């Protein structure tokens with residue numbers, strides 16, 4: 001069971017009901033649950049979308065697209081049914097925030113889905129959880145059943161004639177790639193989770209060919225809170241063009257790892273040294289992967305940056321999924337880079353050749369370097385391979401593999417060169433046995 | 001739906017499948033969950049399960065196999081009664097995930113994707129399971145075990161060996 005953590009610097013919006021038994025529908029209602037959706041029914045779609053636009057909420061899955069704008073792209077008239085799709089396929093290494101939301105506040109996801117449905121004129125929503133989250137799926141399924149039992153879902157919800165909304169929960173079965181929106185739709189249609197070409201975008205042609213809004217679970221869970229407090233009020237909590245708060249998962253070499261809710265724009269340095277309690281054992285900070293494993297690494301002297309989409313972009317990295325992974329001085333970047341590409345090589349779905357071949361060749365090259373068979377030109381080869389994956393695939397998995405790889409070899413080139421020369425930094429974490437198992441992985 | 005007169009599944013699972021196919025605009029959407037629930041019951045996705053699911057969804061068995069081979073949790077051979085899945089991705093690696101994996105290998109006497117001779121345990125090195133802030137972590141079947149140490153792992157495995165761990169269903 002995830003350990004609940006808190007820190008005085010937290011600004012609590014999304015975590016408001018966490019640790020209070022809000023998976024129970026009555027408790028959820030006692031804590032203002034299902035009030036936002038009832039108000040949304042009264043106010044209508046334009047009001048919802050305007051409130052969302054005013055809130056400055058940007059997608060919490062990683063891309064940071066403004067949610068209100070995304071919803072406004074869905075055509076009002078459509079021959080095909082429209083759908084709301086909640087992406088709870090949380091798989092980005094370093095990220096465990098949706099885990100906490102499904103566990104502590106599943107009704108906020110349900111209520112957010114209903115509000116998104118009202119905004120775009122959909123009558124059906126799907127909540128997709130990764131297959132590994134079976135115990136959370138049971139919690140969400142119970143929450144959905146309880147909402148049906150109270151008449152909050154189904155026909156004429158909350159007793160409103162003609163207002164219908166259905167929610168179906170869905171489980172994946174192990175695939176990082178399915179976290180990509182079009183691959184998730186393929187999976188939900190009972191197919192292999194390979195990405196679709198865009199355009200058309202999901203807002204026009206999505207699930208079952210109908211206009212679809214797909215949002216990350218945290219984005220959706222934020223919606224009822226925004227409607228309750230007002231878009232402008234929510235926006236004020238964050239930084240410029242980055243409304244509100246978000247859940248940051250601080251992990252790796254810190255004293256107090258955990259999922260913390262911090263305002264957008266909060267200092268990365270403070271997140272590590274104050275909220276996270278500093279580097280474990282008083283050791284020196286070496287580097288930070290700031291938003292899940294696909295985000296370019298930051299060196300220890302690059303952490304004076306605000307945690308929002310724009311500031312992180314300016315710093316040459318990404319806010320991503322908010323998973324802050326802290327590396328202390330004992331970590332070998334060569335090893336860390338290898339472990340990172342090993343993941344992407346394993347998860348590449350094989351649909352696009354640059355990603356399928358590129359991840360494999362980078363992994364092979366870095367494995368050779370790691371096993372003392374490297375040459376200096378291998379570093380250039382890794383960089384060349386990564387550069388040639390960028391922007392050349394249907395979905396962002398190719399980029400997600402290339403971006404961190406490029407940052408590792410560019411920012412820590414000296415460490416790679418020294419490693420090849422036999423001067424190895426850090427303490428190995430992957431064992432001999434593991435390299436063999438890894439080769440067959 | 002094509003009629004399934006002789007289901008290989010338990011009444012509860014068969015009833016779940018009957019309901020699942022009605023939930024979606026297209027019944028094929030039930031395929032991935034059905035494969036996983038079939039595996040939960042049988043221990044793997046058997047040939048008979050593939051055939052029955054194909055029949056239930058009006059698909060060719062090839063369609064089912066194509067999807068089955070894509071998802072890493074689905075398998076066509078039995079695993080142990082308790083499938084131990086140790087995460088070694090970045091946050092877990094930094095927390096000693098490889099030590100946990102090696103400890104499990106020594107303790108169980110098996111390697112990645114192998115099963116103990118008595119069929120009780122199987123072991124897998126897996127990618128990120130979404131427990132990064134409570135690393136290192138592993139799952140035994142669907143149950144999460146977090147903030148692991150080798151000693152803690154010993155206790156957990158002993159619980160399962162004694163039949164006190166939760167069953168997959």
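Taken together, the values in this text are just the output of simple stated rules run on the coordinates, not laboratory data. Source: prediction; values computed, not measured. Positions of Cβ are generated from backbone atoms using ideal geometry, with glycine treated the same way; all protein chains shown enter the neighbour counts.
Just want to confirm a number: the relative contact order over chain A, from Cα pairs under 8 angstrom separated by 6+ residues, in percent. About 16 percent, as a whole number. Counts of other chain beta carbons within 10 angstrom of each beta carbon in peptide A:173-180 average 5. At each listed q (0.10, 0.23 Å⁻¹), what is the log10 of I(q)/I(0) that the Debye formula gives for the range A:30-121 modelled as equal alpha-carbon point scatterers? Taken in order of the listed q values, log10 I(q)/I(0) reads -0.29, -1.34. Size descriptor for the range A:14-237, Kirkwood hydrodynamic radius: 17.1 Å (Cα pairs only, one decimal). What angle, in degrees between 0 and 90 and rounded to the nearest 10, separates the Cα long axis of helix B:47-56 from the longest principal axis of the Cα atoms of chain B? That helix lies at roughly 50 degrees to the long axis. Please arrange A:6, B:91 by counting, for each residue, the other beta carbons lying within 10 Å of its beta carbon, fewest first. The order, fewest Cβ neighbours first, is A:6, B:91. Calculate the tail of P(r) for chain A: the fraction of all Cα-Cα distances greater than 43 Å, expressed in %. So the pairs more than 43 Å apart make up 13 percent of the total in chain A.
Taking the helices alone, chain B has a mean residue ellipticity at 222 nm of -12500 deg cm²/dmol, built from -39,500 (n - 2.57) per DSSP H run of at least 4 residues and averaged over all its residues. In degrees between 0 and 90, to the nearest 10, how far off the longest principal axis of chain B does helix B:97-108 point, with axes built from Cα atoms? On a 0 to 90 degree scale, this one is about 80. Relative protection proxy for A:295-306, A:33-44, from highest mean packing down: A:295-306, A:33-44 (other beta-carbon atoms within 10 angstrom).
For the range A:333-440, build the convex hull from the C-alpha positions and give me its volume per residue in Å³. If you can, show how the numbers build up before the last one.
On the way: hull volume 9.1 nm³, N = 108.
So the per-residue hull volume is 85 Å³.
Among A:356, A:134, B:106, A:368, the ranking by other beta carbons within 10 Å of each residue's beta carbon, starting with the fewest, stands as B:106, A:368, A:356, A:134.
Between residue B:118 and residue A:164, the distance separating the two model label sites (each 7 Å from Cα on the Cα→Cβ line) works out to 5.5 nm. By the count of neighbouring beta-carbon atoms within 10 Å, fewest first, A:25, B:90 end up ordered A:25, B:90. Quick one: go through the range A:247-283 and flag any residue whose amide nitrogen is under 16 Å from the point 7 Å out along the Cα-to-Cβ line of residue A:12. What the label zone holds, given the 16 Å backbone N cut-off, is A:247-248, A:259-263. All Cα-Cα distances of the range A:87-156, cut into 10 Å bins from zero to the largest, leave 19, 50, 26, 4, 0 percent in each bin in turn. Distance between the modelled labels on residue B:159 and residue B:16, one decimal in nanometres: 2.2 nm (7 Å Cα→Cβ projection).
When a/c reaches 1.5 or more, the comparison of a/b and b/c decides; with that in mind, is the range A:150-269 rounded, prolate or oblate per its Cα gyration tensor? Verdict is oblate for the range A:150-269. Taking the C-alpha atoms only, the angle from helix A:397-411 to the longest principal axis of chain A is near 40 degrees. Once the Cα-Cα distance is subtracted from the 0.36 nm per residue extended length, the residue A:376 to residue A:360 segment shows a gain of 3.8 nm.
Residue-normalised convex hull volume from the C-alpha trace of the range A:248-304: 76 Å³ per residue.
Rounded to the nearest whole angstrom, the semi-axes of the ellipsoid equivalent to the range B:82-161, taken from the Cα gyration tensor as √(5λ), stand at 19, 12, 11, largest first. Relative contact order, whole percent, for the range A:14-237 stands at 31, derived from Cα pairs under 8 Å and 6 or more residues apart.
Using C-alpha positions alone, give me the convex hull volume of the range B:1-94 per residue in cubic angstrom.
Dividing the Cα hull volume of the range B:1-94 by its residues yields 122 Å³.
The value of relative contact order for the range B:11-68, using C-alpha pairs under 8 Å at least six residues apart, is 28 percent.
Count, for each residue of A:329-338, the Cβ atoms from other chains sitting within 10 Å of its Cβ, then give me the mean as a whole number. Intermediate results must be reported in sequence, preceding the final value.
Values: counts 0, 1, 3, 0, 0, 0, 1, 3, 0, 0.
Going residue by residue through A:329-338 and averaging, the value is 1.
Suppose only helical runs count, i.e. DSSP H with n ≥ 4. What mean residue ellipticity at 222 nm does that imply for chain A under -39500 (n - 2.57) per run, divided by all residues and rounded to the nearest 500 deg cm²/dmol? Spell out each step's value before the answer.
Working: 17 runs with 184 residues, N = 441.
Counting only the DSSP helices, I get -12500 deg cm²/dmol.
If you wrap the range A:223-268 in the convex hull of its Cα atoms and look at it from every side, the mean projected area works out to 3.8 nm². The Cα-based radius of gyration and maximum Cα-Cα distance (Dmax) for chain B are 17.8, 52 Å. Peptide B:26-35 is shielded by partner chain Cβ atoms: per residue, an average of 6 of them sit within 10 Å of its Cβ.
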